[in-house]
Protein chains: 2
Amino acid sequence: MYSLAEENYLKTIYHLEQESKTGVSTNAIAERMETKPSSVTDMVQKLADKKMISYKKYKGSTLTVHGKKMAANVIRKHRLWEVFLVDKLKFHWDEVHEIAEQLEHIQSEELIVRLDKYLGNPDFDPHGDPIPDKDGKVKSTEKKLLSELNKKQRGVCIGVKETGSEFLQYLDKRNITIGTKINVLGKEFFDGSMIIQVGKDQFFISKKIAENLYVQTN
Amino acid sequence: MYSLAEENYLKTIYHLEQESKTGVSTNAIAERMETKPSSVTDMVQKLADKKMISYKKYKGSTLTVHGKKMAANVIRKHRLWEVFLVDKLKFHWDEVHEIAEQLEHIQSEELIVRLDKYLGNPDFDPHGDPIPDKDGKVKSTEKKLLSELNKKQRGVCIGVKETGSEFLQYLDKRNITIGTKINVLGKEFFDGSMIIQVGKDQFFISKKIAENLYVQTN
DNA sequence: CTACATTTTTAGTTTAAACTAAAATTAATT
DNA sequence: AATTAATTTTAGTTTAAACTAAAAATGTAG
């Protein structure tokens, strides 16, 4: 059994590893968790003793296979609960994070098995993030142009093809940047235009826009 | 905001107060919570400072109006979650206590408002215990003979009319004692016999039995 | 009413997880 | 390469909530 604090550290390290694809620094963890670096050092040493991460002094931390599975499981629970809150209790998708942050720590294998089934074994949470499976595996992602997506598909912006300033300014105005999640709500086959959701906003984009944005899909 | 430990103490004191209708002793709390009396003393002093209970050294504790409301709210959450686990996730009613014990500490007013609505504003949990309302009020109970109940009603055994040893031995065999919860699953109007649920068991009882058992109802 | 038993409290430790301040290491700049 | 800056760790405190052992208060039996 792991403590709430330990689970939160593992989760944070998992997210930071995904973002940077490298070992994560003590300071990065401290900043993300709004705590002090010295506290982080204490905890990573403890997690290293428990073989959840591998850690070398001054060299940062990386999750072990075991730690990664553990972290993915907490994230799985978080995202399943978010689906519950939105689909069943009719919360808005931007109101559920705080509550899921608590629910993710409830300990019961059986509960999650049943919750998953009750929700129809969803693959994504209400923010479009993928839900890891029981073994902690997340469906691998693939790079595409936004224009290749169809209705109801989702992607995360990972780059642009066209780099002219008008285009970049357009993206800026629409709050689209690296890491932005995009849901395709509708697609017109006649001209390739789309209706997409970005954060709380929904708007129309032309084929030309969609052909110049790279997204990562699942 | 109150800590998990504080909420658990308040809940325990609430239950003990209900059972004995008097102030609760430090030892009683310690026993129920499987902790040491000295730990209880520490905590009741803290709760008294916070005006959640009134406490005089060596004289035991009683909840203040504020503390009682707080405790009832934790119990409300516990019981609503139990309904969720049984009605929606199809757990058996004797499997849900441990999980609800964790869920009852999730902090979100709105969550409980919505959960309550989603479950159809239930009045009882799957064990037949009443669910306090938002203001911590529990529907007042009334003393009746078991034979006065109808199908789907519930009662808690509070005494007997007939006191012969055959009758008491019968009750003993059926595991019915003071405090035992009884659900009436079916009633035959022709002869007044009933099918009742007691703990995990379901069985048939005659009108004569039902006319000699007092129960408290809601 | 005294003597013993039980209950309760106090005083002092322990543990997990945070903190501060200072020391050590690594990185960056001139 | 030497010095400064930034990062990270160590050492020592703090807090909440538990614990043990001993002291104090209360309850009970002769």
Kirkwood Rh in Å, taken over all unlike Cα pairs in region B:142-217: 12.0
Members of B:50/B:137; B:151/B:207; A:88/B:200 lying beyond 24 Å, as alpha-carbon distances in this model show: A:88/B:200
Cβ neighbours within 10 Å from other chains - mean over A:112-119: 2
Cα-based equivalent ellipsoid, region B:4-63: semi-axes from gyration tensor eigenvalues, Å: 14, 13, 12
Coarse-grained scattering of chain A at q = 0.14 Å⁻¹, given as base-10 log I(q)/I(0) from a Debye sum over alpha-carbon atoms: -0.96
Residue-span extension gain [residue B:144 to residue B:88] - 0.36 nm each, minus C-alpha spacing: 16.9 nm
Stokes-Einstein translational diffusion, region A:68-194 - Kirkwood Rh over all Cα pairs, 1.567 mPa s, 4 °C, in µm²/s: 78
Rounded to the nearest 10 Å², the accessible area of residue A:33 at probe 1.4 Å: 50
Equivalent ellipsoid semi-axes - Cα gyration tensor, the protein assembly as shown, angstrom: 53, 29, 19
Cβ neighbours within 10 Å from other chains - mean over B:100-107: 3
Gap separating the Cα centres of region B:83-129 and region A:165-191, nearest whole Å: 42
Apportionment of accessible area to carbon and sulfur, the protein assembly as shown, percent (1.4 Å): 49
FRET E, pair residue A:27, residue A:5, Förster distance 25 Å, beta-carbon r, rounded to 0.05: 0.85
Whole-number D in µm²/s for region A:42-134 (Stokes-Einstein; Kirkwood sum over Cα pairs; 10 °C, 1.306 mPa s): 110
P(r) weight above 17 Å for region B:100-154, C-alpha pairs, percent: 51
Ascending list, in nanometres, of distances separating the residue B:122 label from those of the other copies (7 Å, Cα toward Cβ): 2.2
Accessible area of residue B:91 in the full protein assembly, 1.4 Å probe (Å², nearest 10): 10
With Cα atoms, 0 to 90° folded angle of helix A:65-83 axis to chain A main axis: 50
Accessible area of chain A divided out per residue, in Å², using a probe of 1.4 angstrom: 56
In Å², nearest 10: area of residue B:68 left accessible to a 1.4 Å probe: 100
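The values are calculated or read from the model by the stated rules, or taken from the named source; none is laboratory data. The structure displayed is predicted, hence computed values, not measured ones. Here the Cβ is made from the backbone with ideal geometry for all residues, glycine too, and neighbour counts use every protein chain on show. With ligands, DNA and RNA removed, areas are computed over all heavy atoms of the protein, side chains included. Shrake-Rupley method; radii C 1.70, N 1.55, O 1.52, S 1.80 Å.
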